[in-house]
1. If amide hydrogens are placed 1.01 Å from N in the peptide plane, which non-local residues have theirs closer than 5 Å to the one on Leu10?
2. Can you compute the FRET efficiency between Arg92 and Thr122 using 1/(1 + (r/R0)^6), with r the Cβ-Cβ distance and R0 = 30 Å? Round to the nearest 0.05.
3. How far is it, in nm, from the label point at Val248 to the one at Thr184 when both lie 7 Å from their Cα along the line to the Cβ?
4. 7 Å from Cα along Cα→Cβ at both Tyr324 and Asn4: what's the point-to-point distance in nm?
5. Using a 10 Å cut-off on Cβ atoms, rank the peptides 233-241, 195-203, 87-95, 312-320 from the highest mean neighbour count down.
6. Can you tell me which of 68-80, 4-16 comes out highest on packing, and rank the rest after it, using the mean Cβ neighbours within 10 Å?
7. Counting only heavy atoms of protein chains, what accessible area per residue, in Å², does the range 21-146 have with a probe of 1.4 Å?
8. In whole angstrom, how far apart do the alpha carbon centroids of the range 54-111 and the range 261-332 sit?
Amino acid sequence: MLDNPYLKLLRIPNIFTVPSDIILGFLIAHFAFQGAVIFGTSESNLEELVILIFSSISLYLGGLVSNDLFDIKTDKIERPTRPLSSGRVQERHAIFLMIALFCAGFFLSFFVNIIAVGISGTLVLSILVYNYKLKSGFFRPFLMGGIRALNVFYGFSILFGFSSQTPNNVTFPPSFNPAYLEPTILLLLLLALGSVFFHVFVLTWISSKETRREFDDKQVKVASVKNVYYTYIIFLVIVGFFGSFLVVHLQEYLIFIVAIAIVVTFIYHKAQTLQRHLQGSLIMQFIVKNMLLLLILLDSAFIAGLSGPIAGISTALLILPSIYLSKRISMT
């Protein structure tokens, strides 16, 4: 079953990296609205959370299909075994699948609120513009980082549909006014968005090096891997420091940040070992795969900081099916 070309076209292991973005945005919104984050929220809010998760997954999968459609000529040379370039999936079937996924993701947003509809439409347009025009340009990592950060804000958009009384008996209007947000909430949201943006920015920058011959030079690839490692560790220190002033569950948050640093260090040393046997482009592919998985842990750190260890660990467990499936189906 896992050899099905459509599963490979959709890069099924990647879909488990999507829900954590939405859950993170949702919990920040819930924290802003109630002053505390509890998973036992109202059924209607949980239904909207599930809708946003499935909508986001549909948009993400539509983006993956469109990526292969726009890259079909290049893949016939550089990745001839991909489902489209090898002919195992017909181009017209892929086009139909892409349209169906984008439409499903977009129409699901109508069950949430008008802000979610706007974000969903923006995501579709941004994904198509990225895949068609900007994927090989200077702005590639900026746009991809922005798209993934917008996905977190997609989860946060549920806030604009809240309408009830807060613990302080302050009634919010049907369409929530962001002016009610406290500075701490805004800073937390900005830190979460900025963290996801930077992570995906680095990931996208690395992925652009997968097919460049310059990274097959031993000295260049050693320096590049080392620079990525030190840059990311500095990033974690910054996120851990500023986040410690904003989260509710400080200890759990910092434990997750330290755990991410340990995993990143392991990946770095593994990449150093692989340098003796693999080309630079394959090492970059190894790092990209693991950074996709790390995105789940990064989201989980914020989730643990907002809602405690159970929520953080539960979200982090999404990494397990992704790891298992990635052994059979490529994530890049």
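1. none
2. Numbers: r = 27 Å, r/R0 = 0.92.
The value I calculate is 0.65.
3. It is 1.0 nm.
4. 1.6 nm
5. Working: 233-241: 15.3, 195-203: 22.2, 87-95: 13.8, 312-320: 17.9.
Ranked from most to least packed, the peptides come out as 195-203, 312-320, 233-241, 87-95.
6. On the way: 68-80: 15.1, 4-16: 19.5.
Descending packing order for the listed peptides: 4-16, 68-80.
7. On the way: 6130 Å² over 126 residues.
Spelled out: the 1.4 Å probe surface of the range 21-146, per residue, equals 49 Å².
8. Using only Cα atoms to place each centre, the spacing works out to 24 Å.
The values are calculated or read from the model by the stated rules, or taken from the named source; none is laboratory data. If you're wondering where the values come from, they're calculated on a predicted model, not measured in any experiment. All Cβ positions, even for glycine, are placed from backbone atoms using ideal geometry, and neighbour counts span all protein chains on display. The protein model used for the area step is the full one, side chains on, heavy atoms only, and it has no ligands, DNA or RNA in it. Shrake-Rupley method; radii C 1.70, N 1.55, O 1.52, S 1.80 Å.
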